[in-house]
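S.K.: Structure in structure tokens, see below.
Throughout, read-outs are computed from the coordinates displayed, never taken from laboratory work. What you see is a predicted model, and the numbers here were worked out from it, not measured in a lab. Neighbour counts run over all protein chains shown; Cβ positions are idealised from the backbone, glycine included.
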There are 2 protein chains.
Amino acid sequence: MMKQNRSIPSIASMTKAESFKLAALPITVRNAALRAIAQALETEQDRIGEANRMDLAAAEAVGLAMPLLKRLKFDEVKRSEAIEGILSLESLPDPLFQVLLSRELDKGLVLKQVTCPIGVIGVVFESRPDALVQIATLCLKSGNCAILKGGSEAAHTNRALFEIIHQAGVSAGVPEGFLTLLESREDLNALLACDKDIDLLIPRGSNAFVQYIMEHSKIPVMGHADGVCHVYADKKADIEKAIRIVVDAKTQYVAACNTVETLLIHKDIAETLLPPLWETLKKEGVRLKGCEETRGIIDCEIATEEDWHTEYLDYILSAKVVNSLEDAIKHINHYGSHHTDSIVSEDLHAAEVFQLLVDSAGVYHNCSTRFADGFRYGFGAEVGISTGKLHARGPVGLPGLVTYKYKLYGNDHIVREYAEGSRQFHFKDLPL
Amino acid sequence: MMKQNRSIPSIASMTKAESFKLAALPITVRNAALRAIAQALETEQDRIGEANRMDLAAAEAVGLAMPLLKRLKFDEVKRSEAIEGILSLESLPDPLFQVLLSRELDKGLVLKQVTCPIGVIGVVFESRPDALVQIATLCLKSGNCAILKGGSEAAHTNRALFEIIHQAGVSAGVPEGFLTLLESREDLNALLACDKDIDLLIPRGSNAFVQYIMEHSKIPVMGHADGVCHVYADKKADIEKAIRIVVDAKTQYVAACNTVETLLIHKDIAETLLPPLWETLKKEGVRLKGCEETRGIIDCEIATEEDWHTEYLDYILSAKVVNSLEDAIKHINHYGSHHTDSIVSEDLHAAEVFQLLVDSAGVYHNCSTRFADGFRYGFGAEVGISTGKLHARGPVGLPGLVTYKYKLYGNDHIVREYAEGSRQFHFKDLPL
């Protein structure tokens, strides 16, 4: 639904009521709605194109930076990718009504653990219209109502996409309240207070933006504030691999959360690795900020304490020489953001220790941190990457959007008889 | 470790450092520690008994209520149960190092999703010494360090149990920091601020106590504040079953969170059910607070709006006549605490709708709400019951105490080659 004249608390409570209708829909209806949405995005391409051109023109007029313009753009390529994503989502098995456990506790008393939607999810994202499509359809597939708040730069595109998706979904039999679009910052603040009706917040955006949301709401948040990812070049690192992996992890797409920000180098290979690496990085336009030891080997800017905490999201890399694998792990667990960290080493034992003890969602061996992504993991679309340790961790796809309930089927069973010993549990797992 | 002269933030940060050592221990060491703890609780029975008698004497001197005294008591029976619980926990499979997913993304690039501990868990509980034993050993089995804060009424017993468990664990090779006991309210407040080092809080206690913790910490909380559980007697309810189930759910143990607090009765059976039910409840010493319709049928106290929100934890039941199954579900989702609710009905379709649409961790058919419990579900010990929807829901045992990380094993794999199309992912799931 659109906000119109309703207050945010009333929208949240209406959405909660509708969420039970959505939760009860069979997969056939949810899949039909996904196909209708894909179809409508095809048919309504002119309308989408026009809306996006308005947003782009306005953004250029105020001088929005090029990376932001690129994210804002929703052209033919992005639209086709979005449609393809929806059709691939449609083909995935139903995440709901899955029986995770079926157990006879006693004769006639059967416990089933069954997946169900989380309920109402508030999704807040900055200026990426493709994120709106992805998130709306992931929530629909998993039976969750979504209340979206997009960035104001993408207002026209978001509104067009929302109206198209909403109409197509409703026409396929999904309840009105499955999707709502909010458009102002005041609406967002009001939403953050609806902890009785909103079950989960998924914020996607800058560090400061996500921090703001985490600090201003009692609703559980799934996502990540920052991505301070590391590559550790171990004493047994293959130099060629280390260079290739660091360059990819830094430059393949600098604005991503899984881009490397700090390179840690074992002291034994610092003199061999740093000079050729620095030559390569310079050619790629990367600035290096090094510790004292690094600057004893190559000529680069100096890194301060602040740098070890910094997510540059830019062609800048900090570098630190460490004395041991243990020191590298300590540095990562202290300064990192528990996102994704990689060790480059030919020593399998060192890699194993690193992957065991680094406290991050992704712990890699001999590959680029840029692989941390739902598509690259083969999950299909993702709603985001979580650096929290509860519920879903790392790239979050459909399984992260469901919970479960315990259904207990009895026939006049009471606890007194078990407490007094006249009946006993026998716990027999049944086939699923 | 004991607090001694250390500050709480320094204890939290030391515990975090130790948590990585604990996470790396094989199951053989964790199980040996569990056996050593069970053994020590056996050998040190006199010391435990003496400590508990001191607490009981002090509690009686200040006139602590009988139900609290019962919880505080740690006698021969409770000690044997605790030891039995530890040995049964020891026999369970290792919840760590479980490979949940193994997928070849491309030649030589393999993704594994592997379970690991959450890290450092703060557990706050009131005066139940048996809870200390259960929680400490569950955390140990799952590789999590635990910082415990028990109720001051049980101070002597808790300290004795802590020292015995800690010493036995350390002697079996577990790191010093696997378990810490805090003893003052100021320590608790300081702990709530350690959101960088504490990964999860599990509070067990009264509604107000849990609310306080939820509102005074940024650390994620797993548990429940209150248990406002319902029994709904449907229009097709078997009257005898309804009476047996309501009486059991109300009186089998009034102080539990899974005790029924509100009875909803379909209008069509209110006149048949209420009079005999009320006679039975009166004999059991239960006070009834009814809505207007209820009071039109039987002579009982009046229920106010406040009653529908109230967890009595006492021999009191509120009762409301509803017009339909839908109204019953709405009432439960609005006033309930998403804990456990049961429908009594011979109509399988009504039961199915109830279990689908009631938004609670436990949704039961024709049985008592008192079954909501880790032991009764066959999970072994539990750390508590969660009414949240993220991570673990319902009774939380070992699976709720672990998370996972994604380990990616490559050999010089970079993302640029996939982005440019010179390599493609092929996603092939490997046997676990």
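S.K.: Restricting the search to the range B:321-333, which residues are within 12 Å of chain A (Cβ to nearest Cβ) and either touching a residue at least 24 places away in the same chain (Cβ under 8 Å) or of a type in the set (Asp, Glu) (or both)?
M.R.: Looking only at the range B:321-333, we keep the residues that are within 12 Å of chain A (Cβ to nearest Cβ), and these are B:326, B:329-330, B:332-333.
Result: B:326, B:329, B:332, B:333.
S.K.: So residue B:34 passes all but one of these: (1) within 30 Å of residue B:218 (Cβ to Cβ); (2) surrounded by 14 or more Cβ atoms within 10 Å (Cβ to Cβ). Which condition number does it fail?
M.R.: Result: residue B:34 fails condition (1) only.
S.K.: If you go through the range B:218-253, how many residues are within 13 Å of chain A (Cβ to nearest Cβ) and of a type in the set (D, E, K, R)?
M.R.: Result for the range B:218-253: 7.
S.K.: Please list, ordered by residue number, the helices (runs of 4 or more DSSP H) wholly in the range B:276-339 having 2 or more residues that are aliphatic (A, V, I, L, M) and closer than 23 Å to residue A:405 by Cα.
M.R.: B:325-335
S.K.: In the set A:121, A:83, which member is touching a Leu at 6+ places or on another chain (Cβ under 6 Å), more than 22 Å from residue A:255 (Cβ to Cβ) and within 14 Å of another protein chain (Cβ to nearest Cβ)?
M.R.: A:121
S.K.: So which residues in the range B:155-175 are under 21 Å from residue B:190 (Cα atoms) and surrounded by fewer than 24 Cβ atoms within 10 Å (Cβ to Cβ)?
M.R.: B:155, B:159, B:162
S.K.: Let me ask you something else. Of all residues in the range A:377-397, how many are without any contact (Cβ under 8 Å) to a residue 12 or more places away in the chain and either farther than 14 Å from residue A:338 by Cβ or not in a loop (DSSP other than H, G, I, E, B) (or both)?
M.R.: So the count comes out to 1.
S.K.: Quick check on my filter: what residues within the range A:391-411 are aliphatic (A, V, I, L, M) and facing chain B (nearest Cβ under 7 Å)?
M.R.: Of all residues in the range A:391-411, those aliphatic (A, V, I, L, M) come to A:392, A:396, A:398, A:401-402, A:408.
Answer for the range A:391-411, where residues must be aliphatic (A, V, I, L, M) and facing chain B (nearest Cβ under 7 Å): just A:408.
A quick yes/no check of all residues on (1) buried (at least 16 other Cβ atoms within 10 Å of the Cβ); (2) of a type outside the set (A, V, I, L, M); (3) over 19 Å from residue B:207 (Cβ atoms):
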site	(1), (2), (3)
B:285	no, yes, yes
B:299	no, yes, yes
B:304	no, yes, no
B:308	yes, yes, no
B:314	no, yes, no
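S.K.: Can you confirm whether residue A:215 is within 14 Å of chain B (Cβ to nearest Cβ), surrounded by fewer than 17 Cβ atoms within 10 Å (Cβ to Cβ) and without any contact (Cβ under 8 Å) to a residue 24 or more places away in the chain? Before the answer, list the steps.
M.R.: Working: within 14 Å of chain B (Cβ to nearest Cβ): yes; surrounded by fewer than 17 Cβ atoms within 10 Å (Cβ to Cβ): yes; without any contact (Cβ under 8 Å) to a residue 24 or more places away in the chain: yes.
Yes; evaluated as a whole, the condition is true for this residue.
S.K.: Out of (1) touching a residue at least 24 places away in the same chain (Cβ under 8 Å); (2) more than 7 Å from chain B (Cβ to nearest Cβ); (3) out of contact with any helix residue (DSSP H, G or I) (no Cβ under 8 Å at 6 or more places or on another chain), the odd one out for residue A:420 is which?
M.R.: Only one criterion is unmet by residue A:420, namely (1).
S.K.: Of (1) within 30 Å of residue B:66 (Cβ to Cβ); (2) touching a residue at least 40 places away in the same chain (Cβ under 8 Å); (3) more than 14 Å from every other protein chain (Cβ to nearest Cβ), residue B:286 satisfies all except one. Which?
M.R.: (2)
Conditions (1) among the acidic types (Asp, Glu); (2) in contact with a Ser or Thr (Cβ under 9 Å, 6 or more places away or on another chain), marked per residue:
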| position | (1), (2) |
| --- | --- |
| B:204 | no, no |
| B:210 | no, no |
| B:213 | no, no |
| B:217 | no, no |
| B:223 | no, yes |
| B:248 | yes, yes |
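S.K.: Could you give me the residue pairs with C-beta distances under 7 Å whose first residue belongs to the range B:185-198 and is of a type in the set (Asp, Glu), whose second residue is in a loop (DSSP other than H, G, I, E, B) and buried (at least 16 other Cβ atoms within 10 Å of the Cβ) wherever it lies, and which are 6+ apart or on separate chains?
M.R.: The qualifying pairs are B:195/B:217; B:195/B:219.
S.K.: Let me ask something else. List the number of the failed condition for residue A:318; all other conditions in (1) closer than 22 Å to residue A:243 by Cβ; (2) surrounded by 24 or more Cβ atoms within 10 Å (Cβ to Cβ); (3) of a type outside the set (Asp, Glu); (4) within 14 Å of chain B (Cβ to nearest Cβ) hold.
M.R.: (4)
S.K.: In the range B:346-363, is there at least one residue being within 7 Å of another protein chain (Cβ to nearest Cβ), part of a helix (DSSP H, G or I) and under 27 Å from residue A:394 (Cα atoms)?
M.R.: Among the residues of the range B:346-363, not one is within 7 Å of another protein chain (Cβ to nearest Cβ), part of a helix (DSSP H, G or I) and under 27 Å from residue A:394 (Cα atoms), which makes the answer no.
S.K.: Sticking with this structure for a sec: Just to check your reading of the model, which residue among A:22, A:56, A:34, A:89 is in a helix (DSSP H, G or I), free of Cβ contacts under 8 Å to residues at least 40 places away in the same chain and within 20 Å of residue A:162 (Cβ to Cβ)?
M.R.: Numbers: A:22 fails: free of Cβ contacts under 8 Å to residues at least 40 places away in the same chain; A:34 fails: free of Cβ contacts under 8 Å to residues at least 40 places away in the same chain; A:89 fails: free of Cβ contacts under 8 Å to residues at least 40 places away in the same chain.
Being in a helix (DSSP H, G or I), free of Cβ contacts under 8 Å to residues at least 40 places away in the same chain and within 20 Å of residue A:162 (Cβ to Cβ) holds for just one of A:22, A:56, A:34, A:89, which is A:56.
S.K.: So is residue B:152 away from chain A (no Cβ under 14 Å), surrounded by fewer than 22 Cβ atoms within 10 Å (Cβ to Cβ) and among the hydroxyl-bearing types (Ser, Thr, Tyr) or not?
M.R.: Yes: the conditions hold for residue B:152.
S.K.: Whether any residue in the range B:132-146 is within 24 Å of the chain's Cα centre (by Cα) and surrounded by fewer than 20 Cβ atoms within 10 Å (Cβ to Cβ) is what I want to check. Break it down into steps so the answer makes sense when it comes.
M.R.: Taking the range B:132-146 first, the residues within 24 Å of the chain's Cα centre (by Cα) are B:132-146.
Then drop every residue that is not surrounded by fewer than 20 Cβ atoms within 10 Å (Cβ to Cβ), which leaves none.
Within the range B:132-146, none of the residues are within 24 Å of the chain's Cα centre (by Cα) and surrounded by fewer than 20 Cβ atoms within 10 Å (Cβ to Cβ).
S.K.: Give the residue, chosen from A:346, A:292, A:311, that is among the acidic types (Asp, Glu) and free of Cβ contacts under 8 Å to residues at least 24 places away in the same chain.
M.R.: The unique qualifying residue is A:292.
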